[in-house]
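Here's the structure, in structure tokens; my notes come after.
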Amino acid sequence: MPSIRLPTAAGRLESFTTSPPREFPRATPPFPRIALAAAHVVADPLAEQDPWLDVKIDWDRTIAYRRYLWSLGLGVAEAMDTAQRGMGLDWAGAQELIRRSLDAMRDVPGAVMASGAGTDHLAPGPDVTVDDVIRAYEEQCEVVEAMGGRIILMASRALAKAARGPGDYERVYGRILSQVKQPVIIHWLGEMFDPALEGYWGHHDHMQAMETALAVIAANAEKVDGVKISLLDKEKEIAMRRRLPKGVRMYTGDDFNYAELIAGDGHGYSDALLGIFDPIAPAVGGALAALSRNDLSTFHEILAPTVPLSRHIFKAPTRFYKTGVVFMAWLNGHQDHFVMVGGQQSARSIQHFSELFRLADRAGLLRDPEMAVARMKQLLALHGVA
């Protein structure tokens with residue numbers, strides 16, 4: 001197997017020999033858990049643009065990656081934060097992404113997809129009112145539904161700024177949920193992913209905020225398919241999961257503890273809507289295939305080495321995790337370059353990428369080690385490492 005000299009945290013170089021890629025089990029859905037992968041977008045590096053400001057997407061490669069995820073039995077969560085929503089991808093780009101993905105999905109038997117609708121075309125500010133937030137949500141929900149899409153109701157930076165307490169959240173969500181055509185997934189995105197969402201649901205304390213979220217869900221249970229919480233705290237997720245109304249799903253958004261949350265306990269389990277499912281998709285498909293056979297041992301054996309990888313990709317500052325996701329796609333040949341919308345490829349250090357490379361190899365997720373080594377050497381050379 002090919003070897004490479006990689007930087008360490010101490011600034012030295014050490015030799016690392018890659019392992020053979022793992023062959024994961026395959027099975028045909030439906031799986032015993034719903035598994036939605038929040039998918040990244042592939043930038044177009046050759047387009048004329050200001051690369052920190054413009055949104056230029058390689059649509060062919062972007063849609064091809066969705067087809068790859070569907071081929072493994074995963075669903076797609078479209079135009080979410082993994083697609084750099086709010087960090088490069090604006091609402092205009094999100095609409096185009098959703099439209100193209102829906103068109104592609106119709107050609108894939110059994111494919112599942114849900115799309116983010118939020119208020120990101122409304123800039124937060126002192127003059128923005130709660131009614132402005134309601135209108136912004138209505139506009140995006142109407143667009144997604146008009147295209148035939150299912151909605152993931154994204155957290156709103158504008159609402160976090162405009163709300164004066166829990167009652168404003170109850171009013172906004174109650175209004176939007178009363179109007180949607182199909183049950184939605186509510187996304188509670190924690191401040192570790194987006195600092196502008198600090199104090200969401202009207203409380204800085206997550207357990208108090210949970211009470212508001214649960215009240216909204218209970219009052220509109222027939223319009224809520226599930227809730228995804230991204231707080232990176234398994235105990236909070238389990239506490240909320242046990243209190244959800246019957247028929248409302250918990251979609252884990254915990255990129256640190258997803259394996260045990262999906263496996264569940266004596267009181268229930270979590271389905272999943274995760275950004276980490278984008279780079280570890282083959283392992284997820286294999287683990288869910290094992291779970292379909294009630295083979296919990298193999299389920300955990302497959303996912304266990306992906307957890308250190310995920311915790312590294314999502315380490316603080318967590319909002320830069322998208323860089324690791326795209327890096328993995330490049331290493332594995334799903335795109336020909338390591339360039340991101342908004343120049344976000346610069347958001348992590350060469351030491352971070354080197355450790356990510358090691359962890360991906362240990363999880364069996366470098367599908368062509370020779371290609372991965374060659375590309376890692378390109379990145380090292382760019383950083384002055386011969």
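The values are calculated or read from the model by the stated rules, or taken from the named source; none is laboratory data. Remember, predicted model here, so these are calculated numbers, not experimental data. Glycine gets a Cβ as well: all are built from the backbone with ideal geometry, and neighbour counts include every protein chain shown.
Which one is surrounded by the most Cβ atoms within 10 Å (Cβ to Cβ), of the residues in the range 54-85 that are without any contact (Cβ under 8 Å) to a residue 60 or more places away in the chain and assigned to a loop (DSSP other than H, G, I, E, B)? Taking the candidates together, the pick is ALA79. Residues that are closer than 19 Å to ALA263 by Cα and surrounded by 19 or more Cβ atoms within 10 Å (Cβ to Cβ) were ranked within the range 32-53; the one that is farthest from the chain's Cα centre (by Cα) is ARG33.
ILE238 satisfies every condition listed in (1) without any contact (Cβ under 8 Å) to a residue 60 or more places away in the chain; (2) within 18 Å of LEU159 (Cα to Cα); (3) buried (at least 16 other Cβ atoms within 10 Å of the Cβ) except (2).
Taking the stated definitions as given, is ILE176 touching a residue at least 60 places away in the same chain (Cβ under 8 Å) and hydrophobic (A, V, I, L, M, F, W, C)? No.
Scanning the range 86-115 for residues that are within 26 Å of PRO32 (Cβ to Cβ), in contact (Cβ under 8 Å) with a residue 24 or more places away in the chain and out of contact with any helix residue (DSSP H, G or I) (no Cβ under 7 Å at 6 or more places or on another chain) yields MET105, GLY110, VAL112, ALA114. Do the conditions hold for ALA218, that is, is it among the small types (Gly, Ala, Ser), surrounded by fewer than 20 Cβ atoms within 10 Å (Cβ to Cβ), more than 22 Å from the chain's Cα centre (by Cα) and farther than 22 Å from VAL144 by Cβ? Against the criterion (among the small types (Gly, Ala, Ser), surrounded by fewer than 20 Cβ atoms within 10 Å (Cβ to Cβ), more than 22 Å from the chain's Cα centre (by Cα) and farther than 22 Å from VAL144 by Cβ), ALA218 qualifies.
In the range 287-318, how many are in a helix (DSSP H, G or I) and more than 19 Å from ARG26 (Cα to Cα)? Selection size over the range 287-318: 8. Scanning the range 275-289 for residues that are touching a helix residue (DSSP H, G or I) at 6+ places or on another chain (Cβ under 7 Å) and either basic (Lys, Arg) or closer than 16 Å to ALA329 by Cα (or both) returns GLY275, ILE276, PHE277, ASP278, PRO279, ILE280, ALA281, ALA283. Any residue in the range 248-258 that is on the phi < 0 side of the Ramachandran plot, in a helix (DSSP H, G or I) and of a type outside the set (Gly, Ala, Ser)? Yes. In the range 330-343, the qualifying residues are those that are part of a helix (DSSP H, G or I) and buried (at least 20 other Cβ atoms within 10 Å of the Cβ), and the one that is modelled with the lowest pLDDT is VAL341. Scanning the range 177-209 for residues that are assigned to a helix (DSSP H, G or I) and out of contact with any Pro (no Cβ under 6 Å at 6 or more places or on another chain) yields LEU177, SER178, GLN179, PRO195, ALA196, LEU197, TYR200, TRP201, HIS206, MET207, GLN208, ALA209.
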